[in-house]
2 protein chains.
Amino acid sequence: MNQENSRENLKYIFTQYLDKKGHRKTPERFAILDEIFSFQGHFNIKSLYLSMKDKNYTVSRATLYNTIDLLLESNLIIKHQFRNNITCYEKIFECARHDHLICTSCGAVIEFNEPEIQKTEEKIARMMNFTMTHRSIYFYGICENCLISVCP
Amino acid sequence: MNQENSRENLKYIFTQYLDKKGHRKTPERFAILDEIFSFQGHFNIKSLYLSMKDKNYTVSRATLYNTIDLLLESNLIIKHQFRNNITCYEKIFECARHDHLICTSCGAVIEFNEPEIQKTEEKIARMMNFTMTHRSIYFYGICENCLISVCP
DNA sequence: TTACCTGCAAAGGGTTTGCAGAGTC
DNA sequence: GACTCTGCAAACCCTTTGCAGGTAA
């Protein structure tokens, strides 16, 4: 699927969701959706606000928080807490399932994909009689680059 | 090891840490250590503050935050972020390694122990050239009790 | 037209900071 | 006695809320 089709698809999914829930299809909501899917990686409310303002499309923080909630509920993005009390978000639609390594030395956030985790998750769900909806896995430590730069 | 010996051991470890770092051994610091290890499960600054105040040992929030940082650095407690922007802590000294399930329906936090995770962690560390120091794993979903209480 | 949404600004709540006095070493 | 730590209160910052005006349906 090329990028344009992908965007149309996103809009379609979000529209479906808004219709289903009886929410209005306002231009702000689609502008925010578009902005989020235009950049890679993690973002937070502040960075989103600034990047939209930069493009002369200023929306209030209240609207950002409101729309983010809708995107979370429609499973187009997910929420992260990277231990610093600033909430981060990430688009998940049509992205490979992945988890994160966080370097406590340089702050780098590194994605990785390990299918074994999925199996373990299912095992735990069975064992604990728990219905999984999503997970949040972070490994903390020192990344390759920082290890190299430390004196022996 | 009985409880009293365990407490003495904790004090010893914390004392060693304070000495090593050149921090002072104030009564507040040991009172906070004692309070934290007197209760089970997770706590946050507010609950810690209140439970100490309850015992007529009031310490300021500033001192709590200060001491918590020291306890984190000495690896006696760990920090959690349960997605609600309230930082939670948990003692880890002499506790079995475990991770958490979080019920998004009733808010329950359920501990579990799955040794397979440890192996996966080591595999990822090798694969990604990453030196793990600690991990933060949360599975979200619906717990047993909430599943039962939902109408079919 | 009506109900919901947006924008603004103020309130809220957890965390951090600055400063004076107290206490450790 | 010097210097760090504590306590207090204010500052800080992200997030939420209340309200008036605007707009999708």
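The values are calculated or read from the model by the stated rules, or taken from the named source; none is laboratory data. As the structure is a prediction and not an experimental result, all values here were calculated from the model. Cβ atoms come from the backbone with ideal geometry, glycine included; neighbour counts cover every protein chain shown.
For this structure, a couple of remarks:
- Criterion applied to A:PHE93, A:PHE82 was being within 16 Å of DNA strand C (Cβ to nearest atom) and modelled with pLDDT under 90, and the one residue passing it is A:PHE82.
- Matching residues in region B:104-122 - criterion: being facing chain A (nearest Cβ under 7 Å) and either in contact with a Cys (Cβ under 6 Å, 6 or more places away or on another chain) or part of a helix (DSSP H, G or I) (or both): B:GLU116, B:ILE117, B:THR120, B:GLU121
- Any hit, region A:25-39, residues being touching a residue at least 40 places away in the same chain (Cβ under 8 Å), more than 12 Å from chain B (Cβ to nearest Cβ), among the aliphatic types (A, V, I, L, M) and assigned to a helix (DSSP H, G or I): yes
- Residue satisfying condition, being over 19 Å from B:ILE78 (Cβ atoms) and among the aliphatic types (A, V, I, L, M), within set B:ILE124, B:ILE102, B:ILE110, B:ILE117: B:ILE124
- Any hit, region B:78-99, residues being touching a residue at least 60 places away in the same chain (Cβ under 8 Å) and either of a type outside the set (Val, Ile, Thr) or in the same structural domain as B:LEU18 (by TED's automatic domain parsing) (or both): yes
- In the condition set (1) assigned by TED's automatic domain parsing to the domain that holds B:HIS134; (2) over 30 Å from B:GLU144 (Cα atoms); (3) of a type in the set (A, V, I, L, M), B:LEU64 is compliant with all but (1).
- Filter result for the condition that a residue is touching a Phe, Trp or Tyr at 6+ places or on another chain (Cβ under 8 Å), among the charged types (D, E, K, R), surrounded by 14 or more Cβ atoms within 10 Å (Cβ to Cβ) and farther than 19 Å from A:HIS98 by Cβ, over B:GLU90, B:GLU121, B:GLU73: B:GLU90
- Here B:LEU33 passes the criteria (1) surrounded by 14 or more Cβ atoms within 10 Å (Cβ to Cβ); (2) farther than 14 Å from B:GLU73 by Cβ; (3) within 17 Å of the chain's Cα centre (by Cα) except the one numbered (2).
- Against the conditions (1) at the interface with chain A (Cβ under 9 Å from one of its Cβ atoms); (2) not in a strand (DSSP E or B), B:ILE137 satisfies every one except (2).
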